[in-house]
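The values are calculated or read from the model by the stated rules, or taken from the named source; none is laboratory data. Computed from a predicted structure; not experimentally measured. Here the Cβ positions follow ideal geometry from the backbone for every residue, glycine too, while neighbour counts run over all protein chains shown.
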Amino acid sequence: MRFKAKILLIYTGGTIGMSKDLETGALKAFDFSRLWQQIPELEQLDCEIESVSFEKPIDSSNMNPEIWGTIAKMIASNYGQFDGFVVLHGTDTMSYTASALSFMLENLAKPVILTGSQLPIGDLRTDAKENLITAIQIASHHDKGQAVFQEVGLYFEYKLYRGNRTTKVNAEHFKAFNSPNYPCLVESGVHLKWNSHLLLPHTDIQNLKVHYQLDAQVLILKLFPGICGTVLQAILGIPTLKGIVLETYGTGNAPTSHSFVESLQQAIHKGLYVINVTQCSSGSVDMGHYETSRELKELGVISGKDITTEAAITKLMYLLGKNTPKNDFKLAFETSLRGEMN
């Protein structure tokens, strides 16, 4: 008997599920049960498709760790009944959600693919149809009854990326996402071109483990020339703050002024975790390569290597939520857990 995959679509909100109000011209969420009326081509896919929607679809600007937990729970509760999952999501925070889910879903042996669109599904020139159809097709791809893709991915404009390697780069073009430090995993053309050697190894562990506890007492701070020492002290002195992702220059460089270094030193001494990531759109942190990053390394700043800011902040939440012991934290962060860094 030929295998036929069952795919669950999870609609969280976003432009892909919007339609234009004929009277006001404003975008509003349409009845997701009418999806097949909008995309009859779904009937031609060689898989079974079911869908579920948030009771109140959200704009992705309102995404937060609690909602990530809701998405993870929807996947976990349906994990035994479906062979793959496609999460429809707004583009603005899609890379954050893809990164967060990659850490939350441990021992993942089935595809979880996020996608969305720049134009509403009912728009004449919409990119929603191709994104959705191909995401489902990739999620349903099996070999001898086993999913070929077994991780969290993000599909957009003819390319499937590792979710925790992506970042949104354009608000207007259809090519809205990029994976600056890791090649795409699948490229859609006349045929699907799989870069199978880039996929995460298949897991032999059958039991999905979901981590719901994420600690959001963190922030992202982007350095800029002239950053004020008193402002930095005020930020690092927030009583509840547990970790910070510091976007530095180039390969991880930062000011060497006494006030800057001393502020970081005091914060780290008090137990604050400081992650060093680069502001550059691609490349890696290499602390110690220049004099301006040597002191950061000596202070105990953690290297983010070539991780994206989106993956860095969600990984920080994940490790804090797991209550990772202080002596193990640096090694845990600098170790690739879900293919998020080289």
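Output the residues belonging to region 2-39 that are at positive phi and modelled with pLDDT under 80.
Going residue by residue through region 2-39, those that are at positive phi are 13-14, 25.
The answer is Gly25, and nothing else.
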Open item on the list: Condition check: in contact with a helix residue (DSSP H, G or I) (Cβ under 7 Å, 6 or more places away or on another chain) and either in the same structural domain as Cys47 (by TED's automatic domain parsing) or of a type in the set (D, E, K, R) (or both). Does Ala109 satisfy that?
Closed with: no
Open item on the list: Return the residues of region 114-147 that are closer than 16 Å to Glu48 by Cβ, of a type in the set (Gly, Ala, Ser) and either crowded, with 16+ Cβ neighbours inside 10 Å or not assigned by TED's automatic domain parsing to the domain that holds Leu199 (or both); say none if nothing qualifies.
Closed with: Ala135, Ala139, Ser140, Ala147
Open item on the list: Every residue in region 284-318 that is of a type in the set (A, V, I, L, M, F, W, C) and either surrounded by 23 or more Cβ atoms within 10 Å (Cβ to Cβ) or under 23 Å from Ser179 (Cα atoms) (or both), please.
Closed with: Val285, Met287, Leu296, Val301, Ile302, Ile307, Ala311, Ala312, Ile313, Leu316, Met317
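Tally up the residues in region 301-326 that are closer than 16 Å to Met341 by Cα, in a helix (DSSP H, G or I) and in contact (Cβ under 8 Å) with a residue 60 or more places away in the chain, please.
Narrowing region 301-326 to residues closer than 16 Å to Met341 by Cα: 302-316, 318-319.
Narrowing the set further to residues that are in a helix (DSSP H, G or I) leaves 309-316, 318-319.
From the residues that got through so far, the ones that are in contact (Cβ under 8 Å) with a residue 60 or more places away in the chain too are 309-316, 318.
Residues meeting the conditions: 9.
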Open item on the list: Under 6 Å between Cβ atoms, which residue pairs at least 6 apart in sequence (or on different chains) link something in region 9-25 that is in a loop (DSSP other than H, G, I, E, B) with a partner that is modelled with pLDDT under 75?
Closed with: Asp21/Lys28
- [ ] Please enumerate the residues belonging to region 91-124 that are in a helix (DSSP H, G or I), polar (S, T, N, Q) and touching a strand residue (DSSP E or B) at 6+ places or on another chain (Cβ under 7 Å).
- [x] Ser95, Thr97, Ser102
Task: Those residues of region 40-52 which are at pLDDT below 90 and buried (at least 17 other Cβ atoms within 10 Å of the Cβ), in sequence order - done: Leu42
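Each row is one residue, and each column tells you yes or no for (1) touching a residue at least 60 places away in the same chain (Cβ under 8 Å); (2) surrounded by fewer than 17 Cβ atoms within 10 Å (Cβ to Cβ).
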position	(1), (2)
Leu160	no, no
Glu172	no, yes
Ser196	no, yes
Thr203	yes, yes
Leu221	no, yes
Pro225	no, yes
Leu232	no, no
Asn253	no, no
Thr256	no, yes
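Report yes if some residue within region 237-246 is closer than 30 Å to Lys73 by Cα, within 28 Å of the chain's Cα centre (by Cα) and surrounded by fewer than 16 Cβ atoms within 10 Å (Cβ to Cβ); otherwise report no. I'd like the intermediate steps shown before the answer.
Going residue by residue through region 237-246, those that are closer than 30 Å to Lys73 by Cα are 240-245.
Checking which are within 28 Å of the chain's Cα centre (by Cα) leaves us with 240-245.
With the extra rule that they be surrounded by fewer than 16 Cβ atoms within 10 Å (Cβ to Cβ), the set shrinks to 240.
Yes, there is a match, as at least one residue in region 237-246 is closer than 30 Å to Lys73 by Cα, within 28 Å of the chain's Cα centre (by Cα) and surrounded by fewer than 16 Cβ atoms within 10 Å (Cβ to Cβ).
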